[in-house]
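Worksheet: one structure, shown below.
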Amino acid sequence: MFERMLVGRIENRVTIGVLAFVGMMVLLGWAAINEGGRMQAFTKMEEARSIEQGAALFSINCSRCHGTDGRGLAGFGPGLNSPQFFGYDFFPEITKQINDLSAEKVGLNAEKSLSATTPERKTAIDARLVEIDTQIAELATQRNGQITAAVDNGYDPQRPIRLNNLGWVGTQEALIVTTLIHGRPTSINYWPNGAMPAWSQTAGGPLRMDQIQDLARYVQNWNKGDAWTLDDLFAVKQFAKEPVDGAPLMALIEQLQASGGVIPEPVGTDITAVIEQVASVTGDPVRGDQLYHNQVQSQLGQALACNGCHQQDVNGTGPMTKGTFFRVQNERVNDPLLKDYTPEHYLLESILMPGNYLVPGFQNAMLPNFGERITLQDLADLIAYIKTMDTP
Amino acid sequence: MSVLPFPSFLDDVKEKGLKKAVFELVDESVERLTAGMNVQDIREALRGEPASRKPNPRLQPHADGFWLHMRPGYFHSDMTGLYPTFRLGWLSTYLVFFETITGILLMVWYTPSPEVAYSDMLNILGNVPMGQLVRDLHRLGAEAMVLIVALHMVRTFFTGSYKKPRQFTWFTGLILLAITGFLSFSGYLLPWDQLALWAVTIGASMIEATPPQIVGDNLNLLIRGGPEIAANGLLRFYLLHVLLLPALLFVFTGVHYYKVIVHGHSLPPRKENIGEDTAKRVPLDKRVYFIPDVLTSEIMWLGVTTLILVVLCIWFYDAPLEHHADPQVTPLGTTAPWYFLWIQGALKLGDKVFWGIIFPGLILGLLAVWPYLDVTVSRRYADRRFAITFFLSIISFVTILSYMGLAEFGVRTSPDVEIFHEMTFPPAHNHVGKLLPVPYEQLVAGVYSTRQTSASPEDAEAAIGAFNAEIEQQMVPDPLVAGSTITLEERVKRDLEVQHLPLPSGLTFRTVPSDAPELLQQLQYFGDRLLAANNELYNAWGAIIISQNQDNLKRIDLVISWDEVKVENGEPVVGADGKPVLVLDVNGNPMRRVSTAHVFVHKDAAYFSH
């Protein structure tokens, strides 16, 4: 009845229809005008909820190594809630001054080594170099004195930007996402509690890409921009470590350059040549011991850690350390395959070319790259140490 | 002599003058386009006047044009009103086109892959202008279509319109109902959120029950594309949703409508004698011509219906989107889509094969062949008591089963988990956990206890003080070291530390600050829920621990601690004194249980409240 009254007449139908279409257009137009704001609000909300998801994932998966507050755990994982991670420099002026001085130093050193440089100029350069070193030391002392706690904790204020230290040219988000996807393969030499595993399913981990994205957003949510305080720096329990501490090696090289010496070279794998060369070098069993047990690095800055596989009193991945030389003398060189081998020859070939001969019962598990990682002196020291293992 | 070297429009202009020539050209074009009606005819039709020339030009488009050849030239005036059709068939057809158009728009921004489907949804919602509206329209239209197609069937049954000669029309209609259900169901999965994954997992697991096992297993594999729904399954559902099912739908819609026209729309039962079918013999005075009456009516309804849908979607309806699909996390209270709830409910009655496959198959099969079983001639309600009673019984049964399909019915979860869920669940079906909509500023960092809410406001401080002392003194068994005991406080702290909650300042309870009334309100709710569950969570207290996780992010931990009670067959055992029977340890002390849950809330998360 209602229908017949209202829309039984054609003009009513036309009117209602036109009104409906016009009304709809007005509504859609109104909605369209508000779309920009609505989409912005949605994106903001969505990002917020993504951060919440990331927080839950971080709590379960990451806080064990990076800390519940993201400030890192000593020996386990570096702080992410850290000014260093987000590249905030508390002393930009000093950093710049030291960088300028260092650049000047490099230039002066180069000039000094030119044959055209007059002796007077060389003297002037030396004086300036001393001056520069003093200035750098003063600046560093002035700065580091304010952040002793952080420096003691491994913070390098001269290199405050994590991305630069890594040589990363992408965005920070890309670094976080990439690291989460693939993990960070590392050596137990500097992360003794193990490496960061791959987290993405793509790389064999447990998380989906959207979860990686949530986590990355959560981690980035720690960024305080310019509002970082020194308290934030002091709260960091573990700073990022870098794979090789180049400083001692560089110091060694500089020292050698200064004394006119040569930069250490790897011993290589030419066994015949090495046998001849090593005869003229005196091995130091004490340093060999330290090298063997990873207490010092090789002259090429490499950690050897022979004891990782060659345990002291028991056979592991490799034969035990104790009695090595005894066995070489009394068993190995008696092997018909090894006739004409002296124990020393056998030892150094086993270090440099570990796959050539295998002790029965052991796999070829030793890295074949020691020729590239040690110098002649390192080799001599190692052999000298192993020779002390001459009782059964 | 023509103006140009060939006959042209300019000759007309020269001959008749510009105005007349243009008018004639327009008139002619309109007549060609409408396949028979010129401007004057249209004007008359829209004015409601009779046609001024013969033969009636308003029938010409039906005879000569493509679009109207499938529409009858006139209808019986007894069936153009709201009764008896309620426009349900028309609405169903309308929704077919509505869903096709909105669906094609959505396809532009959608990729059927688990890696990107969900972010495509976020993109549609946050980056595509009007994207959310189109999605809402598509979703609402889909839900409405299932409902309207089902109501269309109900109406057809009650008016007896399935009877001879329209049995086959009914049969194709039932196929269309099934296709509609599957279309809606297959679309459910595409957003690749938790709601989608789990609703479809439940649906697909019903298919798995098809006997014999080899058929069920393979059907299941076929539809899921693997043991679990993943990339293959999503692609299959997508292809079903956008290709196979729509193709079938269009074909059967064509057959269905063809049959409707061939047999004519059946009249209301009262309007014709028993056994008569006069739909095709419309007396002259009962004819309502398609042009102009039905056509204007349909265009009007097109506008009105679309307007209603747009209004609903702009102000009242948002298509749900939950968290990203996660096969590892089963949300509490997962159900199939509402139109399949009756099967889920039936499954709770017993055997999976019978109730999940045979029973629904029987119902659908019975409905399909019903017109061939019910061969009585009369379409009048009074003569069809049995059929109508039978049909009402089926409707009632399906309604009851649908209720039984809800998670509330017959699915028991431990009460602590249920309470945690109520307090913290992420937005789902326009609801959200109680704590999430509390304004961010009112989530004041601190440790709060439901003991505050069981005391009067003046005694709150004292009650909390006493509570602090109580948990410091109450000794409970150490779960790590058999036979030794620790304080309850220590026990709770340990459980929280397992959940990676740092508690640098210990666990000292305090009262909710006065400027956080909504937090207090939810704490009150928490306390009330614990009290209501006293039989299972005996002697319980709850705690809300709020901590600042990041500058704009808070963490809310919930703790419930209670004395464990004996449970048999899912119900707590009540002793003679009306109190639940406690589980005692070797020393005869109650076993104190602690349970925790946590959730994070961001300042900008904008949880709505319902």
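For this structure, a couple of remarks:
- Residue list for the range B:56-80, filter: assigned to a helix (DSSP H, G or I) and of a type in the set (D, E, K, R): B:R58, B:D64, B:D78
- When each of B:V96, B:V116 is tested for being among the aliphatic types (A, V, I, L, M) and free of Cβ contacts under 8 Å to residues at least 60 places away in the same chain, the lone residue that passes is B:V116.
Okay, residues lined up against (1) among the basic types (K, R); (2) over 26 Å from A:E265 (Cα atoms); (3) in contact with a Pro (Cβ under 6 Å, 6 or more places away or on another chain); (4) modelled with pLDDT of 80 or more:
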{"position": "A:T321", "(1), (2), (3), (4)": "no, yes, no, yes"}
{"position": "A:Y346", "(1), (2), (3), (4)": "no, no, no, yes"}
{"position": "A:S350", "(1), (2), (3), (4)": "no, no, no, yes"}
{"position": "A:G361", "(1), (2), (3), (4)": "no, yes, no, no"}
{"position": "A:D378", "(1), (2), (3), (4)": "no, no, no, yes"}
{"position": "A:A384", "(1), (2), (3), (4)": "no, no, yes, yes"}
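- Number of residues in the range B:284-311 that are under 22 Å from B:P61 (Cα atoms), free of Cβ contacts under 8 Å to residues at least 12 places away in the same chain and either within 9 Å of chain A (Cβ to nearest Cβ) or buried (at least 17 other Cβ atoms within 10 Å of the Cβ) (or both): the value is 3.
- Complete set of residues in the range A:128-140 that are exposed (fewer than 11 other Cβ atoms within 10 Å of the Cβ) and either at pLDDT below 90 or in contact with a Leu (Cβ under 9 Å, 6 or more places away or on another chain) (or both): none
- Filter pass, B:N539 being modelled with pLDDT under 95, in a strand (DSSP E or B) and touching an Asp or Glu at 6+ places or on another chain (Cβ under 7 Å): yes
- B:E15 fulfils the conditions (1) of a type in the set (D, E, K, R); (2) surrounded by 12 or more Cβ atoms within 10 Å (Cβ to Cβ); (3) not in a loop (DSSP other than H, G, I, E, B) except for a single criterion, (2).
- Listed by position, the helices (runs of 4 or more DSSP H) enclosed by the range A:155-249 that each have at least 1 residues that are within 12 Å of chain B (Cβ to nearest Cβ) and over 16 Å from the mean Cα position of the chain (by Cα) are A:209-220, A:230-235.
- Looking across the range B:268-301, just one residue is assigned to a helix (DSSP H, G or I), aromatic (F, W, Y) and in contact with a strand residue (DSSP E or B) (Cβ under 9 Å, 6 or more places away or on another chain), and that is B:F290.
- Just one of the listed residues (B:E422, B:E458, B:E470) is of a type in the set (D, E) and within 27 Å of B:Y607 (Cβ to Cβ), and it is B:E422.
- Residues of the range A:40-86 that turn out to be of a type outside the set (K, R) and assigned to a helix (DSSP H, G or I), as a count: 24
- Qualifying residue in the range B:463-471 (condition: touching a Lys or Arg at 6+ places or on another chain (Cβ under 8 Å) and at positive phi): no
- Conditions (1) more than 34 Å from the chain's Cα centre (by Cα); (2) under 17 Å from B:V417 (Cβ atoms); (3) exposed (fewer than 15 other Cβ atoms within 10 Å of the Cβ); (4) among the small types (G, A, S): number failed by B:A532: (1)
- Flag if B:G141 is in the same structural domain as B:L235 (by TED's automatic domain parsing) and under 28 Å from B:P327 (Cα atoms): no
- Residue within the range A:41-57 that is more than 7 Å from chain B (Cβ to nearest Cβ), surrounded by fewer than 18 Cβ atoms within 10 Å (Cβ to Cβ) and free of Cβ contacts under 8 Å to residues at least 12 places away in the same chain present: yes
The values are calculated or read from the model by the stated rules, or taken from the named source; none is laboratory data. Keep in mind that this is a model prediction, so the values were computed, not measured. Using ideal geometry, Cβ is built from the backbone for each residue, glycine included, and neighbour counts are taken over all protein chains shown.
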